[in-house]
Amino acid sequence: MRKAFMPLLIVVAVLLAYAPVMIAQGAFEQSMGLVSKIMYFHAPSGMVMLVSAIVCGVASALYLWRKNPAMDRLAMASAELTVLFGVLVIGTGPLWAKKAWGIWWDWEPRLTMTVVGWLIAVSYLFVRKYAGPGSDKLGAALAVFGTANVPFIYLSVNIWRTLHPKTTVVPTLPPGMRGPFWFCALTLFLLYLVLLTARIHLERQQNALDELYLALED
Amino acid sequence: MRGLLIALCSAVLTAAPALAQQPPTGQSEFVPMKNLPPSEQIPAATLLVAGYSFIWVAVAFYVWTIWRRLNKVEAEMRSLAQKTPQR
């Protein structure tokens with residue numbers, strides 16, 4: 001992954017720079033108008049947030065089971081990216097909602113559960129930073145709960161009557177919207193991989209520094 | 001003094017939900033969004049550009065925090081390596 005980092009970084013930069021062109025050329029939903037184009041980066045941000053929460057939870061479960069430090073580093077990096085992509089999805093959603101629904105925010109199931117999922121990731125980071133010895137295991141257990149919340153976030157729009165569009169929207173996108181949508185989704189997934197690699201490297205260096213301090217004490 | 005404080009807090013807490021339930025002036029009847037005067041409408045393009053810009057700013061800020069933390073850790077490692085006697 002380390003060898004692929006630079007080429008991947010360049011590819012992501014090019015895709016991010018080209019994404020506005022794709023969004024400008026993409027079609028918009030008739031009843032909502034131009035603002036519906038926010039979907040092109042709002043929905044993929046949500047998808048990446050959910051994937052990141054799953055990666056964090058699975059890596060944490062593996063860490064609890066096998067005590068593999070690499071899994072702990074992966075979980076830590078994923079938790080931070082869950083928070084980042086959570087900020088993106090929670091930040092861009094209200095811009096769309098204000099125009100489409102007439103309100104910035106509504107405490108309906110999808111939005112509320114997304115905030116809960118985001119708060120679990122934030123609490124994971126707080127636990128890791130301030131809980132002291134044993135915070136790795138405590139945080140890992142919290143991350144597993146965070147992953148358990150993911151199916152509820154995804155299915156909430158189908159289970160309950162909500163303002164938010166259902167999960168059937170993305171698979172049934174018309175051809176004019178499908179291209180830009182999956183282009184933006186690919187861009188954000190690759191961005192996630194790049195940031196994950198960089199963040200894991202930082203965590204590895206941090207661990208090396210801790211080991212240096214321990215060696216110095218001995 | 002404590003009693004006065006409790007009374008004040010109780011009054012605020014009791015009044016807040018009552019005030020929150022008061023309909024704001026001008027919203028006593030339904031007005032379709034498309035019928036709003038132009039001054040009340042938010043242009044869609046502005047929201048779209050704001051959304052994409054927000055993503056760029058947030059990602060750039062996060063990349064900057066990684067870069068800053070990495071620099072700090074590596075500087076600390078170099079400084080520690082210099083202090084550590086060769087074994």
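The values are calculated or read from the model by the stated rules, or taken from the named source; none is laboratory data. Owing to the predicted nature of the structure, the values given are computational and were not obtained by experimental measurement. Using ideal geometry, Cβ is built from the backbone for each residue, glycine included, and neighbour counts are taken over all protein chains shown.
Over 19 Å from A:THR197 (Cα atoms), within 13 Å of chain B (Cβ to nearest Cβ) and of a type in the set (Gly, Ala, Ser), is that true of A:ALA17?
Criteria met by A:ALA17.
Restrict the check to region B:14-34 and report whether at least one residue is closer than 30 Å to A:GLN30 by Cβ and either aromatic (Phe, Trp, Tyr) or at pLDDT 65 or above (or both). Write out each step before concluding.
To start, the set of residues in region B:14-34 that are closer than 30 Å to A:GLN30 by Cβ comprises B:26-27, B:29-34.
When the remaining residues are screened for being either aromatic (Phe, Trp, Tyr) or at pLDDT 65 or above (or both), the result is B:30.
Scanning region B:14-34 turns up at least one residue that is closer than 30 Å to A:GLN30 by Cβ and either aromatic (Phe, Trp, Tyr) or at pLDDT 65 or above (or both).
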Original post:
In region A:129-183, what count of residues is obtained for those that are among the polar types (S, T, N, Q), without any contact (Cβ under 8 Å) to a residue 24 or more places away in the chain and within 30 Å of A:MET22 (Cα to Cα)?
Top reply: 4
Original post:
Quick one: would you say A:TRP182 is assigned to a helix (DSSP H, G or I), out of contact with any Pro (no Cβ under 8 Å at 6 or more places or on another chain) and within 14 Å of chain B (Cβ to nearest Cβ)?
Top reply: no
**OP:** Taking A:LYS67 as the residue in question, decide whether it is more than 26 Å from A:PRO180 (Cβ to Cβ), of a type in the set (Lys, Arg) and either over 19 Å from the mean Cα position of the chain (by Cα) or modelled with pLDDT of 95 or more (or both).
**Re:** yes
